[in-house]
Amino acid sequence: MFAACTAARIGEVSGVRVSDIDRDTWTWTVRRQTTPGPGGLVDKGTKGKRARPVPLIEEIRPMVARRLDALNGKPAARLFTGPRGGRITTAVLRDATHWDEVVTRLGYEYLRRHDLRHTGLTWLADAGVPVHVLRKIAGHGSLSTTQRYLHPDAASIAAAGEALSVHLSARRSPDGPRLRVV
């Protein structure tokens, strides 16, 4: 839930610390990610090399609050850990959530953990968040990278057509300006 609702990379979810969460604004400042390195997993800066703010939506705040309360007084503690207390990796996430079995049972066996990031960015776009804001939340260097993550569904595409029809019919109304083809 956290990964999809924040459009975060799994390594960033693993890297989030208690001190990265601001309960007053319900914002997560993404500062680091967990990645494989020499001798095992290491924490390093974000892929984009800079910290970025990510909103924590109402739907995940109770879960985040429970984790923060459980870790009270430990600002450097990881917000999420694997089943044995270690860092989260895509393999740990796969095993702990029984990912392969769940997505197969749902008929989505092609889904990868990184698709949670695509889902989160698409949800934000479908909610009307401008692409330049999505780019900032995702930590992408360019808008073209962000756009590759967006996958509008059929309903969103149909709604776009309906919005254009409403717009054009307003322009054709007797009281409005004439529709002009350029």
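Every residue, every condition in (1) open to solvent by less than 60 Å² (accessible area, probe 1.4 Å); (2) of a type in the set (D, E, K, R); (3) free of Cβ contacts under 8 Å to residues at least 60 places away in the same chain; (4) under 23 Å from Phe80 (Cβ atoms), yes or no:
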site	(1), (2), (3), (4)
Arg113	yes, yes, no, yes
Arg117	yes, yes, no, yes
Ala125	yes, no, yes, no
Gly141	no, no, no, no
Arg148	no, yes, yes, no
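For region 42-64, give me each residue that is acidic (Asp, Glu) and surrounded by 13 or more Cβ atoms within 10 Å (Cβ to Cβ).
Asp43
Quick check: is even one residue across region 99-111 hydrophobic (A, V, I, L, M, F, W, C) and open to solvent by 70 Å² or more (accessible area, probe 1.4 Å)?
yes
Any chance region 15-26 includes a residue that's of a type in the set (Gly, Ala, Ser), at pLDDT 90 or above and surrounded by 17 or more Cβ atoms within 10 Å (Cβ to Cβ)?
Looking for residues that are of a type in the set (Gly, Ala, Ser), at pLDDT 90 or above and surrounded by 17 or more Cβ atoms within 10 Å (Cβ to Cβ), one finds at least one in region 15-26, hence yes.
Failed condition for Gly86, given (1) surrounded by 10 or more Cβ atoms within 10 Å (Cβ to Cβ); (2) under 21 Å from the mean Cα position of the chain (by Cα), with all others met?
Result: Gly86 passes all but (2).
Scan Thr104, Thr34, Thr6, Thr89 and give me the residue that is in contact with an Asp or Glu (Cβ under 7 Å, 6 or more places away or on another chain) and either β-branched (Val, Ile, Thr) or modelled with pLDDT under 90 (or both).
After ruling out the rest, the residue left standing is Thr34.
The values are calculated or read from the model by the stated rules, or taken from the named source; none is laboratory data. Fair warning: this is a prediction, and the values are worked out from it, not measured in the lab. Every residue, glycine among them, receives a Cβ derived from its backbone with ideal geometry; neighbour counts consider all protein chains shown. We work out accessible area using only protein heavy atoms, side chains counted, and drop any ligands, DNA or RNA first. Shrake-Rupley method; radii C 1.70, N 1.55, O 1.52, S 1.80 Å.
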